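Input: a single structure, listed below in structure tokens.
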Amino acid sequence: MYIPYDKIAQTAALFLPSKYREKLRDFGINLKVFFNVKYINKNKKYVIKAIRQKAKKSQLNVAFYVYDETKWKCQSLYDLLEQDKHFIPHIFVTKNDAPKDNFNFQPADEIKKVFDFFKCQNMRVSYAYDFENNRYIPFEQMNPKPDIIIYQHPWYVETTQGPVVCSRFALTYYVPYFVATSVSPIEYYLRFHQYIQTHYVLDDLIKDYYSRNMTNKGKNLKAVGHPMLDYFYLNKNKLEPKNYVIYAPHWSIDKDNNLCWGTFLSNGKFMLGYAQRHPEINWVFKPHPCLKNYLVKHKYMTKQQAENYWNEWSKAGVVCETGNYLDMFMQSKAMITDCGSFETEYFLTGKPLVYLKSPDATPFNPSVQKIVDVYYNVTDIKELEQVLDEVVAGNNDYLKEKRLKLLQDSGYQGNYAAKNILTDIKNFLEIV
């Protein structure tokens, strides 16, 4: 019988003095997590046995949980599974479970756009959301029912599609849609992270940092690289340069979040003006998918003001709001950003990055901080303009040698994360 310990504790806390409320709420949540983990582990021994037996007779169905095509980072893993005789990969397109008043809320037309994104690439894609009846389709009722589920998002996952319920019939894996960047607990300390069988991370530096801080001491972590970075391994030197200069602002523009990376409020207007004053540069505006909604929801801009700003960028250059942006990275000349995961993703291009540093920013993890140290760090408009004039417009990349040396020593260039993940899954399932 399912007992909602967290909700019971929240209700009971209302009748206690305020100084005890938070402790009781935390106790309820921790109790819920404890019993969920116990439930998952009980299911696991039967599920592993059943899937290993099935693998000897037929192909295993692997479902990628997806609700945002702009955060699709597992193409190399999908392609490798497609080529392997033991697996059939599927994309399950669903809706996130964010409430209507949340800036992450998804209307139905956005889900259809996600579906079309994969359909246009002739990938094996199905809806896991019933629009007609406005309900989530439990993964246990999907056709085919998955044997393995690969999540890319740890939040707003509806219960019947989440790892606890799905532990009854499938093995669950987690490949974050972002390359691990910060020291924020949201990257490793959510209850979701304890429910997953295997959580894949970029490298041992990140694995060690997470392990020291996780409740389960990182026993489900594996350092394999990131499928997002496989693009650079598989497509090196295949594209002609177009000298794009990319401005990519993050959504976390105030203190109402765990990251506080965003600097758009202080430099967004300046960057548009600089682009307009330098039409000789091939500009790309690549905002975080959540930025526009966040600006409007938090009343930093009206909807019309946001539309006008985006439209002005479309006149000054190209506005890119799709998930397929790695070709653009490879064809670019430089990037200006405060977006955390781009610090690592763009690093593999070997090109200069201007890091817009917020005074309130959550620190980077050790792996990323090494990279940021060989970028052009700016903290105000004066520094930003100086770096843009010298490095971007003036083509004087004076940190190039130091940056390329770190890239050469990093080991990222020769790593094939999708192969590492597939090998790990096959070894665990004793597939030869």
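Worth a mention:
- Cross-link partners of Lys402 among aspartates and glutamates (Cα-Cα below 12 Å; sequence separation of 8 or more within a chain): Asp373
- Taking label positions 7 Å along the Cα-Cβ direction at both Asp397 and Gln331, the computed distance is 1.8 nm, reported to one decimal.
- Candidates Leu259, Leu272, Ala180 compared by Cα position along the dipole of region 177-334: farthest toward the positive end lies Leu259, with charges placed on Cβ.
- Calculated P(r) of region 43-112 - Cα pairs past 21 Å, %: 46 percent
- For the peptides 168-181, 131-144, the ranking by packing is 168-181, 131-144, with the highest mean count of neighbouring Cβ atoms within 10 Å listed first.
- The protection proxy used here, the mean number of other Cβ atoms lying within 10 Å of each residue, ranks peptides 100-110, 376-386 as follows, highest first: 376-386, 100-110.
- Alpha carbon Rg of region 241-385, scaled by the compact-globule rule 2.2 N^0.38 Å: 0.99
- Peptides 362-375, 390-403 ordered by packing proxy, namely the average of other Cβ atoms within 10 Å per residue, highest first: 362-375, 390-403.
- Once backbone amide H atoms are built at 1.01 Å from N, Asn365 has Ser182, Val183 as its partners under 5 Å, excluding neighbours fewer than 5 places away on the same chain.
- Overall, the ratio between the Cα radius of gyration of region 50-201 and 2.2 N^0.38 Å, rounded to two decimals, is 1.02.
- Kirkwood-based Rg to Rh ratio, the chain, C-alpha trace: 0.97
- For the residue pairs Lys112/Lys255; Lys113/Lys357; Lys38/Lys73; Lys85/Lys112; Lys269/Lys357, the alpha carbons lie more than 23 Å apart in Lys112/Lys255; Lys113/Lys357; Lys38/Lys73; Lys85/Lys112.
- Distances between placed amide hydrogens fall under 5 Å for Ile91 paired with Phe64, Arg124, Val125, Ser126, all partners being 5 or more residues away or on another chain.
Any read-out appearing in this document is the output of simple, stated calculations on the displayed coordinates, not a laboratory observation. Keep in mind that this is a model prediction, so the values were computed, not measured. Backbone-built Cβ (ideal geometry, glycine too); neighbour counts: all protein chains shown.
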